[in-house]
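Trainee: For reference, the structure I am asking about is given below.
The values are calculated or read from the model by the stated rules, or taken from the named source; none is laboratory data. Only a predicted model underlies this, so the values are computations on that prediction, with no experimental measurement involved. Neighbour counts run over all protein chains shown; Cβ positions are idealised from the backbone, glycine included. Surface areas here come from the heavy atoms of the whole protein model, side chains and all, with no ligands, DNA or RNA. Shrake-Rupley method; radii C 1.70, N 1.55, O 1.52, S 1.80 Å.
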Amino acid sequence: EVVFTKNATEALNLLARSWGGANLGEGDAVVISEMEHHANIVPWHMLAAAKGIELRWLPVDAAGHLALTDPDRLPDGAKLVSVTAMSNVLGTLNDIPRLSAAAHAAGALMAVDASQFVPHLATDVQAMDADFVIFTGHKMLGPMGIGVLWARAEILDAMPPFLGGGEMILQV
């Protein structure tokens with residue numbers, strides 16, 4: 001269930017282009033928050049420009065927390081909720097299990113940018129109830145050039161390839 005990438009940015013682009021490219025179309029919604037790193041904003045903007053998806057924004061309140069006045073209604077009609085587990089600017093910890101529950105209840109998948117989270121707190125993707133978890137190795141004192149896209153096996157199996165070549169086919 002782990003795909004190694006160059007970094008979290010590549011992992012999020014893989015998610016947007018492969019899963020998003022195959023499963024999102026004009027008018028489909030992706031929910032992201034105002035506290036996201038650009039790595040979790042730009043790929044969705046690119047997909048919006050290419051496919052006409054709708055981006056919805058979870059606002060941040062004056063204290064630097066997600067303004068979740070009615071969290072169960074936020075993902076209504078969305079296909080994906082993609083938020084940070086811990087803000088890279090504010091250090092805010094988001095209640096990922098609660099957001100995952102709301103996303104799943106609305107029929108959406110949940111993606112978590114855990115790049116700031118994994119080096120500071122024990123990370124259990126099952127407890128997060130996420131469908132995708134993304135992080136980068138250098139935040140964990142690992143080498144530069146390593147990132148991870150974790151996803152449920154059945155979702156990965158259904159995703160089209162992100163890059164082609166090598167030994168992907170039997171004949172040319």
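Trainee: So, with a 1.4 angstrom probe, what is the percent of accessible area on the range 24-144 that is carbon and sulfur? Before the final figure, lay out each step's value.
Mentor: Numbers: 3120 of 5560 Å².
That fraction is 56 percent.
Trainee: Kindly sort Met168, Met110 by accessible area of their heavy atoms, largest first, with the probe set to 1.4 Å.
Mentor: On the way: Met168 100, Met110 0 Å².
Order by accessible area, largest first: Met168, Met110.
Trainee: Using alpha carbons only, how many angstrom separate the centre of the range 116-148 from the centre of the range 82-101?
Mentor: 13
Trainee: To make sure I understand the rule: partners must be lysines, Cα under 25 Å from the Cα of Lys79, and not fewer than 8 residues away in the same chain. Which ones qualify?
Mentor: Partners within reach: Lys51.
Trainee: Please list, or write none, the lysines whose alpha carbon is within less than 28 Å of the alpha carbon of Lys139, excluding same-chain residues fewer than 8 places away.
Mentor: Correct list for Lys139: Lys6.
Trainee: To the nearest 20 debye, what charge dipole does the chain have about its Cα centre, counting +1 at the Cβ of each Lys and Arg and -1 at the Cβ of each Asp and Glu?
Mentor: For this selection, approximately 340 debye.
Trainee: For n ≥ 4 DSSP H runs only, could you compute -39500 (n - 2.57) per run for the chain, divide by its residues and tell me the 222 nm figure to the nearest 500?
Mentor: Values: 5 runs with 37 residues, N = 172.
Using -39500 (n - 2.57) per qualifying helix, the result is -5500 deg cm²/dmol.
Trainee: Also: Treating the Cα atoms of the range 1-67 as identical point scatterers in vacuum, please give the log10 of the normalised Debye intensity I(q)/I(0) at q = 0.13, 0.15, 0.22 Å⁻¹, two decimals.
Mentor: -0.40, -0.52, -0.93
Trainee: Still on this structure, please answer the following. How do the peptides 9-16, 113-120 rank, highest first, by the average count of neighbouring beta carbon atoms within 10 Å per residue? Display every interim value, and only then the final one.
Mentor: Numbers: 9-16: 24.9, 113-120: 22.1.
Ranked from most to least packed, the peptides come out as 9-16, 113-120.
Trainee: Of the peptides 126-135, 34-43, how do they stack up when ordered by the mean number of other Cβ atoms within 10 Å, highest first?
Mentor: Details: 126-135: 20.8, 34-43: 18.3.
My ranking of the peptides, most packed first, is 126-135, 34-43.
Trainee: Shifting gears a bit: May I ask you to give the solvent-accessible area per residue for the range 127-172, in square angstrom, as obtained with a 1.4 angstrom probe? Numbers along the way, then the final one.
Mentor: On the way: 2970 Å² over 46 residues.
Ligands and nucleic acids excluded, the result is 65 Å² per residue.
Trainee: According to the square roots a ≥ b ≥ c of the eigenvalues of the Cα gyration tensor, what is the shape class of the range 45-97, taking rounded for a/c under 1.5, prolate for a/b larger than b/c otherwise, and oblate for the remainder? Write out the running numbers ahead of the final one.
Mentor: On the way: a/c = 2.19, a/b = 1.53, b/c = 1.43.
It comes out prolate by the Cα gyration axes.
Trainee: Same structure again: Dividing the Cα radius of gyration by the Kirkwood radius, what Rg/Rh value follows for the chain? Could you put the intermediate results ahead of the total?
Mentor: Numbers: Rg = 15.7 Å, Rh = 16.3 Å.
My calculation of the ratio gives 0.96.
Trainee: Based on the mean of other beta carbon atoms within 10 Å per residue, what is the order of 94-100, 57-63, 81-87, most packed first?
Mentor: Numbers: 94-100: 19.4, 57-63: 12.3, 81-87: 25.0.
Taking the mean over residues of other Cβ atoms within 10 Å, the ranking is 81-87, 94-100, 57-63.
Trainee: Let me ask you something else. When a/c reaches 1.5 or more, the comparison of a/b and b/c decides; with that in mind, is the range 96-172 rounded, prolate or oblate per its Cα gyration tensor?
Mentor: Values: a/c = 3.32, a/b = 1.27, b/c = 2.61.
Oblate, because a/c is 1.5 or more while a/b does not exceed b/c.
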